[in-house]
Amino acid sequence: MKYLFLPILFILITCQSYMPWKSEWKTINGTEIFFAAVTAKASPQAIESGSLAMRRSTCVNATNLLSTSPKLTTILLEQESIQLDEVETKDLGRLIATHKIKPKQDSCQSEGSSYFFASPAWESCQCLYAIEYPGGRKQFQQDITQVK
């Protein structure tokens with residue numbers, strides 16, 4: 001009877017379904033923190049190499065690059081359902097840069113991670129970054145108003 005549990009456990013581990021994270025504001029210990037879901041791909045060399053470790057590291061490194069780029073401004077604006085023209089977006093990006101925000105990687109996952117052996121795992125991935133925007137969501141909304 002106890003050996004019946006092992007195959008079931010194996011199936012549960014190998015058949016996990018991928019659930020994408022979403023970008024959203026959360027209040028943690030009284031502080032509003034924005035969690036940005038950033039998606040990227042592993043390098044072509046890593047994919048060709050067949051090395052899982054190389055795919056994972058290049059994919060996560062790609063999300064790190066995206067997490068410090070204008071991509072974060074876009075993700076924050078998408079959350080607020082606000083569209084700015086190109087000049088306003090650049091102005092907001094400069095304003096955000098003055099805050100010297102350093103996104104902190106919270107966690108990462110392989111997209112389509114339902115594979116176990118010899119899989120395309122980590123060819124693309126999604127990482128969640130915690131962003132402590134000074135003043136929280138209210139200040140971010142005021143900053144948007146300032147550039148409009």
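Computed values, structure above
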read-out: Options Leu66, Leu128, Leu72: the member that is within 20 Å of Gln139 (Cα to Cα) and buried (at least 17 other Cβ atoms within 10 Å of the Cβ); value: Leu72
read-out: Single residue of Phe5, Phe10 found to be surrounded by 10 or more Cβ atoms within 10 Å (Cβ to Cβ), at pLDDT below 90, out of contact with any Leu (no Cβ under 9 Å at 6 or more places or on another chain) and more than 20 Å from Gly93 (Cβ to Cβ); value: Phe10
read-out: Residue in region 85-94 that is surrounded by the most Cβ atoms within 10 Å (Cβ to Cβ), counting only those that are within 14 Å of Phe140 (Cα to Cα) and either within 22 Å of the chain's Cα centre (by Cα) or among the basic types (Lys, Arg) (or both); value: Leu92
read-out: Number of the exception - Val87 against (1) of a type in the set (Val, Ile, Thr); (2) modelled with pLDDT of 90 or more; (3) in a loop (DSSP other than H, G, I, E, B); value: (3)
read-out: Candidate set from region 69-84 (those that are among the hydroxyl-bearing types (Ser, Thr, Tyr) and over 17 Å from Lys22 (Cβ atoms)); member that is modelled with the lowest pLDDT; value: Ser69
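The values are calculated or read from the model by the stated rules, or taken from the named source; none is laboratory data. Everything numeric here is computed off the predicted structure, so don't read it as measured data. We place every Cβ from the backbone using ideal geometry, glycine too, and count neighbours over all the protein chains shown.
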